1. Would you please name the residue that is farthest from the chain's Cα centre (by Cα), looking only at residues in the range 293-333 that are of a type in the set (Gly, Ala, Ser) and either at pLDDT below 95 or part of a helix (DSSP H, G or I) (or both)?
2. Please go through the range 148-181 and pick out each residue that is crowded, with 21+ Cβ neighbours inside 10 Å and in a loop (DSSP other than H, G, I, E, B).
3. Just the residues that are outside any strand (DSSP E or B) and within 22 Å of PRO324 (Cα to Cα), please, taken from the range 255-280.
4. For residues that are free of Cβ contacts under 8 Å to residues at least 40 places away in the same chain, outside any strand (DSSP E or B) and under 26 Å from the mean Cα position of the chain (by Cα), scanning just the range 202-216, find the one that is nearest to ALA228 (Cα to Cα).
5. For ASP263, are the conditions met, namely being surrounded by fewer than 20 Cβ atoms within 10 Å (Cβ to Cβ), free of Cβ contacts under 8 Å to residues at least 12 places away in the same chain and in the same structural domain as MET211 (by TED's automatic domain parsing)?
6. Can you go through PHE365, PHE290 and tell me which one is outside any helix (DSSP H, G or I) and buried (at least 21 other Cβ atoms within 10 Å of the Cβ)?
7. Any chance the range 263-273 includes a residue that's in contact with a Ser or Thr (Cβ under 9 Å, 6 or more places away or on another chain) and at pLDDT 95 or above?
8. Suppose we keep only residues that are among the hydroxyl-bearing types (Ser, Thr, Tyr) and in contact (Cβ under 8 Å) with a residue 40 or more places away in the chain within the range 149-187. Which one would you say is farthest from ASP239 (Cα to Cα)?
Amino acid sequence: MTFCKHSFARVAWVIAPAMLFGCGDSGDRTDSDAAPETRGVTDTEIVLGTHTDVSGPVAIWGVGSINAARMRFDEANEAGGVHGRKIRFVVEDTSYQIPRAMQAANKLINRDKILAMVLAVGTPMNNAIMPQQFEQGVPNLFPISGGRQMVYPFHPMKFTQRGIYYDEMRAAVKYFVEEHGKQKVCAIYQNTDYGIEILEGTVDQLEAMGMELVESSAHEPTDSEFTAAILRLKNGGCDLVMMGTVHRDTILVLDSARKMGWDDVSWVGNNAAYGQVIADQESGEGYYAFVHMAKLYADDDKSSDVQAWWDRYVALYDVEPDLPAMEGFRAADLVVRALDHAGRDLTVDGLLAGVESITDYTDIFGYSLSFGPDKHSGATESVLSQVQNGRWVVLEQSITY
């Protein structure tokens, strides 16, 4: 069997990655149109890409983040680009499916020759793609995932700007046990990498506090019936339920609990299950979420910079920006800054060093981040929000465990 020059060393990856991340179209190129020394970089252009969800169960994250990222990249391009190069952002829809994400990554890396992956959506998708992606020398910048694998174990090509689910769950358990006197902690979670991380964060924090998980229930992302799961948790006497869910199943779980008349319990989620679509549901009233950024509303008192950002987003997309837009804009702004720090002689190493040089950054929304050679996770604290009268209200800032 003959392998192309970037085939993988590990036996477990011989078949699938060779098919999904193969030699691309390199066999069709001649010396006259050979790739530049740094992939995704020409004299006039920088090519970035992403695999995201714009048509599936977490499209609210994909659409909002990509819209705002494009807005920021367009602003940079309108100002002349970065060191004379314009940014081209290539977006591929995955519908939140791993096979489609693998196909999308194959195209982005082998056909589009992207310099870096930016804002890739989904813990399972990122986990499936990153090993092969790094073999190709493509950094993973600011994915829409709070999975620990986005930064751990440490890798020079991994950077995240958002909170880690595991840390958010540990902070949440500690907070609700100590501040609200919760004693019977349970969990409901997707049977995925993401959901299991929520469970692990919950169990580890309980163990650190000399407590045990009272009850738990796992489900598939496509499940739509939760009556039996809710009954199991209710019969367990749970007074706090940690949720490893996303928007759709969060709503279904809360609906099932309300229909059952189970009100003496606190439901707590995280970044993946935080959005206005949940606050809009009658069953969402009182639901909590630990997040790294809090949603803005049209009638909030905003700084002039934020109001200008808000107005431009509405003018471009005819919809109010949600948290995903805030995250997408910030990610793109970080990328622009990193590219600027890297200089005109742009290389992958220069880009990575450019991100690491962002050591004292505050976004337009007022949240601070810092990176460094040994620190690739920018955010270290969580914000506690709750749905009150159909709106997200910030209750506490800077919570850690």
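The values are calculated or read from the model by the stated rules, or taken from the named source; none is laboratory data. This structure is a prediction, so every number in the text was calculated from the model and none was measured. Positions of Cβ are generated from backbone atoms using ideal geometry, with glycine treated the same way; all protein chains shown enter the neighbour counts.
1. Here the answer is SER304.
2. The answer is GLN161, ARG162, GLY163, ILE164.
3. If the condition is that a residue be outside any strand (DSSP E or B) and within 22 Å of PRO324 (Cα to Cα), then ASN271, ALA272, ALA273, TYR274, GLY275, GLN276, VAL277, ILE278, ALA279, ASP280 are the ones that fit.
4. Out of the qualifying residues, it is VAL203.
5. Yes, satisfied.
6. PHE290
7. Looking through the range 263-273, at least one residue is in contact with a Ser or Thr (Cβ under 9 Å, 6 or more places away or on another chain) and at pLDDT 95 or above.
8. Ranking the qualifying residues of the range 149-187, first place goes to THR160.
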